[in-house]
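Novice: Just passing along the structure, written as structure tokens.
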């Protein structure tokens, strides 16, 4: 059974809003439009592993500090929405609800910049030149939004580096919707079983974001894991050996270069050893002089560090 629902939207960017996009009222995880391309590992800023880690965590993501791109978008979106309506004679408005789609396997959610009852409006502000071809991750986002809103048209309003507003319509086919619904369902089938989705390759960084906080417990590992630990110790030992070798070779070469900036062999430049200025902040002195100021700008985040024990 397929359902399309709408729920009241919490303040955009807040912890409550992030929680809404992360899981439904039953605790079942959701795939959201802005990062939908990550399930195909085709998102330029969020890898499949990073998104899998976010959904497999036991807690929703926390609000992130804003950057210039986010602030630019938040401030310009209302202006651009009015601009689109003036140019096209439309009646797009920013909805105060989130749009959701669900069937037996897939659960999708979308925050829409604009909505007129028949079409989705997606607003983008970018420092790049938009030449008319929607990037792949935008196309996937549009398909996702069309599924959630149960429509087949997405109007893209792009304010780019040229300081002009460029408008393009994306027609979403039923085949594109069905393919995306299947892909979301397959992805969530792994998430629901607390398993790694197909195609996800964990890194130490992403697995750390999946398990950011230890619980003080003990993991009883099988004997076979001893080989993994031995290999990791061997790699770390080899890395340390190569780092020592690198330092020695650099010292030998730099001694030959001496006070010179460039080194040549047979007239061909083979190395440079130049001087540049580097500024460092004396945090110790700053803490002593202005402890309250430092405290007000200090943020504590959990960090887990892996240390291998034993001699074998």
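Novice: Sort all Cα-Cα distances of the range 88-228 into consecutive 10 angstrom bins from zero, then give the percent of pairs in each bin up to the one containing the longest distance.
Specialist: Taking every Cα pair in the range 88-228, the percentages come to 10, 29, 27, 19, 9, 5, 1.
Novice: Next question. May I ask for the equivalent-ellipsoid semi-axes of the range 141-213, computed as the square root of five times each C-alpha gyration tensor eigenvalue and listed largest first in whole Å?
Specialist: Working: eigenvalues 207, 85, 16 Å².
Over the Cα atoms of the range 141-213, the ellipsoid semi-axes are 32, 21, 9 Å.
Novice: A further question on this structure: Taking 8 Å as the Cα distance limit and 6 or more residues as the minimum spacing, I'd like the relative contact order of the chain as a percentage. All intermediate terms of the calculation are to be shown ahead of the outcome.
Specialist: Values: 382 pairs, mean separation 51.5, N = 312.
Across the chain, relative contact order equals 16 percent.
Novice: Roughly how tilted is helix 68-88, in degrees to the nearest 10 and between 0 and 90, from the longest Cα axis of the chain?
Specialist: Long axis of 68-88 versus the principal axis of the chain: about 20 degrees.
Novice: Roughly how many Å is it from the Cα centre of the range 169-191 to that of the range 44-60, as a whole number?
Specialist: That distance is 19 Å.
Novice: May I pose another question? Hey, what did the range 140-185 get for relative contact order, percent, Cα under 8 Å, at least 6 apart? Don't skip to the end; give the middle numbers.
Specialist: Values: 46 pairs, mean separation 17.2, N = 46.
Reported relative contact order: 37 percent.
Novice: Please report the antiparallel percentage of the DSSP beta bridges confined to the chain, to the nearest 5. The partial results should precede the final answer.
Specialist: Numbers: 25 of 33 bridges.
Expressed as a percentage, antiparallel bridges in the chain total about 75.
Novice: Roughly speaking, what is the centre-to-centre gap between the range 205-220 and the range 274-293 when only Cα atoms are used, to the nearest Å?
Specialist: The range 205-220 and the range 274-293 have Cα centres spaced 33 Å from each other.
Novice: Counting helices only, and only those DSSP H runs with n ≥ 4, report the 222 nm mean residue ellipticity of the chain as the sum of -39,500 (n - 2.57) divided by its residues, in deg cm²/dmol to the nearest 500. Present the calculation step by step, with values, prior to reporting the outcome.
Specialist: Values: 9 runs with 124 residues, N = 312.
When only DSSP H runs of four or more count, the value is -13000 deg cm²/dmol.
Novice: Students often check this: by mean Cβ neighbours within 10 Å, which of 102-109, 91-98, 142-149, 159-166 ranks highest, and how do the rest follow?
Specialist: Working: 102-109: 18.0, 91-98: 15.5, 142-149: 25.6, 159-166: 13.1.
Put in order of decreasing packing, that is 142-149, 102-109, 91-98, 159-166.
Novice: Going by average Cβ density within 10 Å per residue, which order do the peptides 247-254, 114-121, 292-299 take, highest to lowest? If you can, show how the numbers build up before the last one.
Specialist: Details: 247-254: 10.6, 114-121: 19.0, 292-299: 8.4.
Those peptides, ordered most packed to least, come out 114-121, 247-254, 292-299.
Novice: Once the principal axes of the Cα atoms of the range 200-296 are found, what is the range along each, listed largest first in whole angstroms?
Specialist: Cα spread of the range 200-296 along its principal axes, largest to smallest: 60, 48, 26 Å.
Novice: Express the C-alpha Rg of the range 264-312 as a ratio against the empirical globular expectation 2.2 N^0.38 Å, rounded to two decimals.
Specialist: Compactness ratio reported: 2.30.
Novice: How far apart, in nm, are the 7 Å Cα→Cβ label points at residue 28 and residue 173?
Specialist: Using points 7 Å along Cα→Cβ, the separation is 2.9 nm.
Novice: In degrees, nearest 10, range 0 to 90: what is the angle between the Cα axis of helix 136-149 and the longest Cα principal axis of the chain?
Specialist: Around 40 degrees separate the two axes.
Novice: Shifting gears a bit: Against the longest principal axis of the chain, how steep is helix 225-257, in degrees 0 to 90 to the nearest 10, with axes from Cα atoms?
Specialist: Long axis of 225-257 versus the principal axis of the chain: about 60 degrees.
Novice: Moving on to the next point. How many percent of Cα pairs in the range 34-129 exceed 23 Å?
Specialist: Working: 1841 of 4560 pairs.
The answer is 40 percent, as a whole percent.
Novice: Please provide three numbers in whole Å: the alpha-carbon extents of the range 3-210 along the principal axes, with the largest listed first.
Specialist: Per principal axis, max minus min of the Cα coordinates gives 48, 35, 31 Å.
Novice: Kindly state, to the nearest 0.05, the FRET efficiency for residue 57 paired with residue 246, given R0 = 35 Å and r defined as their beta-carbon distance. Working shown, then result.
Specialist: Working: r = 37 Å, r/R0 = 1.06.
Result of the calculation: an efficiency of 0.40.
Novice: If you don't mind, another one. Determine, from the Cβ-Cβ distance of residue 309 and residue 85 and an R0 of 51 Å, the FRET efficiency 1/(1 + (r/R0)^6), rounded to the nearest 0.05. Provide the component values of the computation, followed by the final result.
Specialist: Details: r = 64 Å, r/R0 = 1.25.
E(calc), rounded to 0.05, equals 0.20.
Novice: Packing-wise, with mean Cβ within 10 Å as the measure, how do 24-32, 125-133 rank, highest first? Could the numbers behind the result be given before it?
Specialist: Working: 24-32: 14.7, 125-133: 11.7.
Output ranking for 24-32, 125-133: 24-32, 125-133.
Readers should treat all values here as calculations from the given coordinates under stated rules, not as data from a laboratory. All values reported here derive from a predicted model rather than from experimental measurement. Neighbour counts are summed over all protein chains in view; Cβ atoms, including those assigned to glycine, are modelled from backbone coordinates with ideal geometry.
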